[in-house]
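Data block below; observations after.
The values are calculated or read from the model by the stated rules, or taken from the named source; none is laboratory data. In this text the structure is predicted, and so the values were computed from the model without any measurement. Every residue, glycine among them, receives a Cβ derived from its backbone with ideal geometry; neighbour counts consider all protein chains shown.
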Amino acid sequence: MTTPTPSIDYAALKSGGIIMQKDDDFFAIRLRLPGGSISADLLPRIAGVAQKYGRGEVRLTAQQGIEIPWVRFGEIEAARKELDDAGLAMGPCGPRFRTVTACPGLPVCRRALADSQSFALKIDQRFGGLLLPHKFKATVSACPNACSRPQESEIGFCATARPRLDADACIGCGLCADICKEKALAQKDGKPLLDMSRCLFCADCIKSCPTDAWKTDRMGYAVYAGGRMGRHAEIAAKIADFVDEEHGMRIIERCLDLYLKHSEKRERLCDLIIRVGIDEFKAAVLDQ
């Protein structure tokens, strides 16, 4: 193994999506794919760069991105230029706002309540790549199944819909109670009774009702803050319910302001929340 050249700023390379491999002669180029989506037309361009500058292989990352490994240092700029010419940006790494992940959402997933891909792209365009005290991950899930794991990120959004029963339209068939996985519905006097403390706002009752007796009373995102995986995992705390996209963007902006002003060196957001307290954190980032 060769000794790294002192003149190379490896931290700057990593921050820009160029990751040094175990063998110091080689690097992996990380691509920025918000929501994990990419046009099929670009796949041959990525394959061409991997074959020309790497060893003809690519790797899918945990953040729904693509990496091209085995690129020598002297060929990084040439490879990066070809990718840039194809409209492919480098994925932020290091202490930055990472590429936003998301589930498929509407109109692809039959369980989806929201267009998670569109919201993820909006977040990424606004905040992606910002320099921060530590890594900062955000994700969007289109329903309470939470396929993109919003409870494991610094900021997570999970689409929800609160049901409301139109009793006059209900025929008392009991289908909604039968399909409710949370046992939040029970038949009483021929009509479904909702236990709101059990409801996850998944909208299964709304979707399954044959007479459209169940209506959407309120819709939006549940917001989670302070999650992380790794050596010292923390599950995020839910800080808000039924938030729209505009409000969600304000929450992220205030969260980042707080993080930049009050974080200690290399402190993850969850550690800041633990240190200042969840109530003070919520008071700082939520609309009053």
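Which of the following residues is assigned by TED's automatic domain parsing to the domain that holds residue 118, part of a helix (DSSP H, G or I) and within 24 Å of the chain's Cα centre (by Cα): 241, 257?
Checking each option against the conditions leaves just 257.
Please name all residue pairs, on different chains or six or more residues apart, with Cβ atoms under 9 Å, provided the first residue is in region 145-156 and is hydroxyl-bearing (Ser, Thr, Tyr) and the second residue is surrounded by fewer than 19 Cβ atoms within 10 Å (Cβ to Cβ).
153/229
Out of all the residues in region 43-80, which are assigned to a strand (DSSP E or B) and of a type in the set (Phe, Trp, Tyr)?
If the condition is that a residue be assigned to a strand (DSSP E or B) and of a type in the set (Phe, Trp, Tyr), then 70 is the only one that fits.
Kindly indicate which of 19, 38 is in a loop (DSSP other than H, G, I, E, B), touching a residue at least 24 places away in the same chain (Cβ under 8 Å) and surrounded by fewer than 21 Cβ atoms within 10 Å (Cβ to Cβ).
38
So, in region 235-259, exactly how many residues are out of contact with any Gly (no Cβ under 7 Å at 6 or more places or on another chain), more than 13 Å from residue 273 (Cα to Cα) and surrounded by 18 or more Cβ atoms within 10 Å (Cβ to Cβ)?
The qualifying residues number 4.
Of the numbered conditions (1) within 20 Å of residue 24 (Cα to Cα); (2) within 27 Å of the chain's Cα centre (by Cα); (3) aromatic (Phe, Trp, Tyr), residue 97 fails exactly one; give the number of that condition.
Evaluating residue 97 over (1) within 20 Å of residue 24 (Cα to Cα); (2) within 27 Å of the chain's Cα centre (by Cα); (3) aromatic (Phe, Trp, Tyr) leaves (1) as the failure.
Among the residues of region 207-225 satisfying the criterion of being more than 20 Å from residue 237 (Cβ to Cβ) and buried (at least 21 other Cβ atoms within 10 Å of the Cβ), which is farthest from the chain's Cα centre (by Cα)?
The extreme case among them is 213.
Residue 68 - would you say it is farther than 26 Å from residue 118 by Cβ and crowded, with 20+ Cβ neighbours inside 10 Å?
yes
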